[in-house]
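The values are calculated or read from the model by the stated rules, or taken from the named source; none is laboratory data. Predicted, not measured: the structure shown is a model, and the values here were computed from it. FYI the Cβ positions are ideal-geometry reconstructions off the backbone, even for glycines, and counts take in every protein chain you see. The protein model used for the area step is the full one, side chains on, heavy atoms only, and it has no ligands, DNA or RNA in it. Shrake-Rupley method; radii C 1.70, N 1.55, O 1.52, S 1.80 Å.
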Amino acid sequence: MADSVQSESEQDVESKIQETRQRFKEEYVQDSVDKYDSRDVERLLKDDALVDGYLTWRQFVVDDALKMIDESFQWRKEFNVNDLTESSVPRWMFETGAVYLHGYDKEGNKLFWFKVKLHVKDAKTALDKKRYVAFWLERYAKREPGMPLTVVFDMSESGLSNIDMDFVKYIINCFKVYYPKFLSKMVIVEMPWIMNAAWKIVKTWLGPEAISKLKFASKTEVQTFIGPEYLPPHMGGTDQFKYSYPPLPDDDFRSPISENGPIVSEDESEARDTESECKESLESSFNTEMSLRPRKVNFLEDGIKLEDVEKDLSIRFRGARKPQTTFKGTLLHVSPAEELSFGARDTERKCLIILNNVTKNQVAFKVRTTAPEKYRVKPSNSSVEPGASADIVVSLHGGFQASPQDRFLIMAAEMDLNAGVGSSELAQFWKEVPKNKVMEHRLRCDVVESVLCVKSSLSDSVSSSPSGDSQDLHSALMRLMACNYRLEQKLDSCLWFQKVLLVLVSVLMAFSFSKFCSQSNS
């Protein structure tokens, strides 16, 4: 019954997506060709997730979604958002450090920081400031599509001179109209009491669909939403990050850890990876180069048995989660498409990334992570030949646990067919390759809840999940069924043991009774 309801719901969403597209073409685009950027219109007609975002934010009322799309697309053309680059924004704006992306909240959402004390109201620079915010949002939207942001207004040491209501309204509109479903929450930290009246006005701008996302917090309360590792010291955190420009602050992706400690350089990382192949059960007798390149093997001449090959491969990827989805990039197809799933059990501490080269040239790749102390990646820096594939094993190191804040960055760039693929050649290649020639794809971490702890947390997860999140509810019910099956098995064992005890007690009592009777007769 639940499946049929879900199917009908999906069909309804699909029909509304098609209705939105058709009506947008007929009512908005047909007579106003120059009103929008053609790239935005083209994306709307192809990207279901984009249309679904507008519909969801407008409670699936098509008329409201169309008005929102119209306003959003006009803004995108006015600000030339599709062509915004770092050079489009005045350098001094980046140097102030008033706005930037850094860190994650406890739910794994990226933090979008606004240092209010560094903002000064000035009509002459208002347009540049708005374009500056648009640059950051568009940059993030392209890098992590569909992932929400948590906006943090750091109001420490700020006053009335720092409050620009027009600029605040613009920021609200960015999440309310221009980037639907992007706002996870908006946290206002250490707001001076004198600004209460101003923020009451802000609440009216947010509207009912976003008002619940507004959170006011003191220095101590902010840790309810953000862990200390991503909070600055003046908020009671331990994050020593200090904004500086250039370059732009990114996600702090670094080389992952190896068996003997952090990788010092990529040259050494390749050597350590090769050296430790024989020490781990994870690695097989095949080295990294053999796993990446197609190789013809004469099993009779080499004395290699097919059974041995299959055994080696099974050892290499034992316990690694196989990817089910694929991101189709310009150079590589990456599986999984969005996330690596880790759990608490030993069998849930490894994941497999598969890279398929879809070009006619050799492609170099390297993998980086925001938590290098936690993960080992084999291989983390290598190449893959045309038409071939590379298997990368990502495993949790030591006693570490995965976190939703953890991210992986896969970088790829096309090489010449005759280019060297040794560690020194790859290191030199990455130093010289232009940034615009590098394909980047990000993967986030998903922490899988263990079956053993589902029973205690299922009622909380079901009550706190949105009514529309039927997929999560379905998976939770499946885990509960698995847990229930185990309990039934244990119960059957207990019942069997109980029956055996009853039989033994009955025999003992019968023996005792017969002995008592014989003694009485004698």
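For this structure, a couple of remarks:
- Residues in the range 109-117 include at least one that is out of contact with any Pro (no Cβ under 9 Å at 6 or more places or on another chain), modelled with pLDDT of 90 or more and open to solvent by 20 Å² or more (accessible area, probe 1.4 Å).
- Residues considered: VAL41, VAL61, VAL81. Of these, the only one that is at pLDDT 90 or above and closer than 25 Å to ARG442 by Cα is VAL81.
- For VAL120: the one exception among (1) among the aliphatic types (A, V, I, L, M); (2) at pLDDT below 90; (3) under 30 Å from SER403 (Cβ atoms): (3)
- Scope the range 338-358; condition open to solvent by 20 Å² or more (accessible area, probe 1.4 Å) and closer than 25 Å to GLU414 by Cα; matching residues: GLU338, GLU339, ILE354, ASN356, VAL358
- Taking the range 324-334 as the range and being within 15 Å of the chain's Cα centre (by Cα) and open to solvent by 10 Å² or more (accessible area, probe 1.4 Å) as the test, the residues that pass are THR325, THR326, PHE327.
- Out of SER382, SER341, sole residue that is under 21 Å from GLU432 (Cβ atoms), assigned to a strand (DSSP E or B) and not aliphatic (A, V, I, L, M): SER382
- Any chance ALA371 is part of a loop (DSSP other than H, G, I, E, B) and open to solvent by less than 30 Å² (accessible area, probe 1.4 Å): yes
- Once the range 141-161 is narrowed to residues that are crowded, with 18+ Cβ neighbours inside 10 Å and outside any loop (DSSP other than H, G, I, E, B), the residue that is farthest from the chain's Cα centre (by Cα) is ASP154.
Rundown of residues vs (1) out of contact with any helix residue (DSSP H, G or I) (no Cβ under 9 Å at 6 or more places or on another chain); (2) of a type in the set (Val, Ile, Thr), yes/no style:
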site	(1), (2)
SER184	yes, no
VAL189	no, yes
MET195	no, no
LYS200	yes, no
VAL222	no, yes
PRO233	yes, no
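- Qualifying residue in the range 13-25 (condition: among the basic types (Lys, Arg), without any contact (Cβ under 8 Å) to a residue 40 or more places away in the chain, more than 22 Å from ASN173 (Cα to Cα) and out of contact with any strand residue (DSSP E or B) (no Cβ under 7 Å at 6 or more places or on another chain)): yes
- Remark: PHE112 matches the filter, which requires a residue to be in a strand (DSSP E or B) and hydrophobic (A, V, I, L, M, F, W, C).
- Filtering the range 120-140 to residues that are open to solvent by less than 20 Å² (accessible area, probe 1.4 Å), out of contact with any Ser or Thr (no Cβ under 8 Å at 6 or more places or on another chain) and of a type outside the set (D, E, K, R) leaves TYR132, VAL133, ALA134, TRP136, LEU137, TYR140.
- Pairs with Cβ under 9 Å, 6+ apart, first in the range 430-459 and closer than 27 Å to LEU352 by Cα, second polar (S, T, N, Q) and at pLDDT 85 or above: TRP430/ASN381; MET439/THR330; CYS445/SER341; ASP446/SER341; VAL447/SER341; VAL448/SER341
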